[in-house]
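Data first, discussion second: the structure below is written as structure tokens.
The numbers here are math on the coordinates, done by the rules we state, and not lab data. Because the structure is predicted, anything quoted here is derived from the model rather than measured. Cβ coordinates were reconstructed from backbone atoms using ideal geometry, including for glycine residues, and neighbour counts include every protein chain displayed.
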Amino acid sequence: MNLNSFLSDLGLTDLLPLFADAGVDFDVLERLTDTDLKELGIAQLGARRKILYALEKTIPINRMDLIAQLEEQETYRQEISGKQVVVSSYRLVVGDESILMNSVKSASVYTHVEPDLSAEQDLMRSKSKANIRLVGGLCVLVLRLAAFLLISELYQLLLLALFGTAPGLALLISGLRRLRTLADREIRPLQSYYLRIETNSGPNDILLSVDKKELDQIVQAISKAQG
């Protein structure tokens with residue numbers, strides 16, 4: 001690939017004079033960083049990001065690449081979150097995404113925390129049911145109290161006191177106990193982890209997992225591959 005066709009594909013042919021004045025061809029461009037491009041006079045961040053991203057996706061088949069591929073040593077292979085992850089001395093592969101190892105500046109694990117909305121909804125439903133029991137028990141007791149006031153016979157009052165208030169008291173006690181139990185329930189936020197790869201074009205979160213140890217192992221494998 002030559003510089004002219006590379007920039008043409010990106011719609012950046014207006015930058016050709018800058019590269020020509022600096023004596024930069026495609027072979028030199030492959031080794032430039034964001035700072036180098038800025039020093040060449042490419043002030044627009046978007047243009048620099050386009051160039052660097054395209055360079056990372058372009059894997060030229062030249063002698064050095066062929067040697068690197070022949071000498072490629074795999075240091076890690078595992079399936080995580082439904083994606084096949086392979087770390088070698090030549091590249092990092094996550095699912096369909098491939099990153100040249102020599103373009104990886106650093107790798108780290110970031111924690112992502114979000115509320116457990118499902119657990120919160122379950123708690124709200126449980127509290128609503130407990131409140132219904134509580135209100136139902138109170139209603140039954142109020143009705144029984146009204147019945148007390150209307151009954152004049154002693155034996156009827158005794159029967160009502162012994163058996164008529166039991167359902168209301170049972171609902172009331174059940175509701176109170178349930179509310180007390182729910183008040184002590186703690187909802188913990190959901191924690192997940194991202195594998196963040198820093199390249200010349202910036203940071204990229206390429207893998208999500210709920211197991212931090214899995215991602216830590218990838219970071220260690222990348223460090224080993226680079227060393």
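Can you work out ³J(HN,Hα) from phi for every residue in the stretch 8-24, in order, using Karplus 6.51 cos²θ - 1.76 cosθ + 1.60 and θ = phi - 60°, giving whole Hz and x for Gly and Pro?
5, 4, 8, x, 10, 5, 5, 8, 3, x, 4, 5, 5, 5, 8, x, 9
Can you tell me the length gained on complete extension of the stretch Glu198 to Leu117, counting 0.36 nm per residue apart and subtracting the Cα distance?
Additional length available on full extension: 26.0 nm.
Choose one of Phe26, Leu45, Gly11: the residue whose Cα lies farthest towards the positive end of the charge dipole of the stretch 3-57 (beta-carbon charges +1 Lys, Arg; -1 Asp, Glu; about the Cα centre).
Leu45
Please arrange Arg49, Arg185 by how many other C-beta atoms lie within 10 Å of their C-beta, fewest to most.
Arg185, Arg49
Please give me the summed charge of the neighbours of Ser98: other residues whose Cβ is under 11 Å from its Cβ, Lys and Arg +1, Asp and Glu -1.
-1
Show the residues, 5+ positions off or on another chain, whose built amide H is closer than 5 Å to the amide H of Thr199.
Correct list: Lys105, Asn204.
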